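The values are calculated or read from the model by the stated rules, or taken from the named source; none is laboratory data. Because the structure is predicted, anything quoted here is derived from the model rather than measured. All Cβ positions, glycine included, derive from the backbone under ideal geometry; neighbour counts span all protein chains shown.
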Ligand SMILES: [Zn+2]
Ligand SMILES: [Zn+2]
C-alpha cells in the first residue's frame, strides 16, 4: 500500500483499505526492533472524513507470532477485534502550516463554512458523543469554544506519523494508523503456553526443555544421571 494517501481521495461515505501487514508494517517493525511475525494477520481500515479529522474504523483478525514473555520462544497470539480512532487534522495556530489543501478538502467533502477549526491539541480515546456534538449546525463562536472544550476532553493530539499537510494537500498514512492500533491491540503478556516454565533466572536455560544444572545444585548427587532427562508433556 502507498504510505501517504490524499485525504481528498476518500469519499464522504468512507473508503476501505485492506492492508498487507507484513509488507505495510515491515519498515515500522524493523525501526522499533519488534520481532513480530504478522504474516498470518488480516488488517482492514475504513476511513470516514470528518470536518476536523479522520474517523477510522478497523479490524484485526488472525495470528501474530511474538516472543513468549517468559521464555522468548514463539507465542501464537490470536487477534479478532475492532477499533475506532479519530485523527485530528493538523492546523497550526497563526497559519504556520499551509492548510490550503485542507481547506479545499473541507469545502469539497464536508461543506464546512469555517476556515478555523479548533486549535486544541488532542490525543487518546475517541468519544463519539463529543465528536458528534462538535459537528452539528453552523459554526459560531460558541460552537468554537465548545469544540475546543470537547477536544480537550478527548485529550487528543495531532499524530504527525498519521496525518500531514504536504504540498499536495492533506494526507493520511493508513498503514501507520493501523500499525499504532495494532500495537495497542496486542496483549501485554504473550505466552507460548499457559504452562510455560520460563527461563532459569541463573543460567537462562529454557526450563520447558528440562531442568538445568543450577536447579539441581542442592539436589542429591545420586540423581545426577537424571538431570538431563527431558520430560514429555502429559
Ligand atoms: Zn514460553
Ligand atoms: Zn539454570
*Residues of segment 156-203 satisfying the condition of being assigned to a loop (DSSP other than H, G, I, E, B), more than 28 Å from residue 80 (Cβ to Cβ) and more than 16 Å from ligand 2 (Cβ to nearest atom)*: 157, 158, 160, 167, 168
*Looking only at segment 212-225, which residues are more than 8 Å from ligand 2 (Cβ to nearest atom) and either at pLDDT 95 or above or surrounded by 12 or more Cβ atoms within 10 Å (Cβ to Cβ) (or both)?*
216, 219
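Could you please find all residues in segment 5-27 being surrounded by fewer than 17 Cβ atoms within 10 Å (Cβ to Cβ) and outside any loop (DSSP other than H, G, I, E, B)?
Scanning segment 5-27 gives 6, 9, 15, 16, 18, 22, 23, 26, 27.
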*May I ask you to list the residues in segment 73-102 that are modelled with pLDDT of 95 or more and either part of a loop (DSSP other than H, G, I, E, B) or out of contact with any helix residue (DSSP H, G or I) (no Cβ under 9 Å at 6 or more places or on another chain) (or both)?*
73, 74, 75, 76, 77, 78, 80, 82
*Total residues in segment 44-72, condition under 21 Å from residue 13 (Cβ atoms) and either in contact with a strand residue (DSSP E or B) (Cβ under 7 Å, 6 or more places away or on another chain) or outside any strand (DSSP E or B) (or both)*: 15
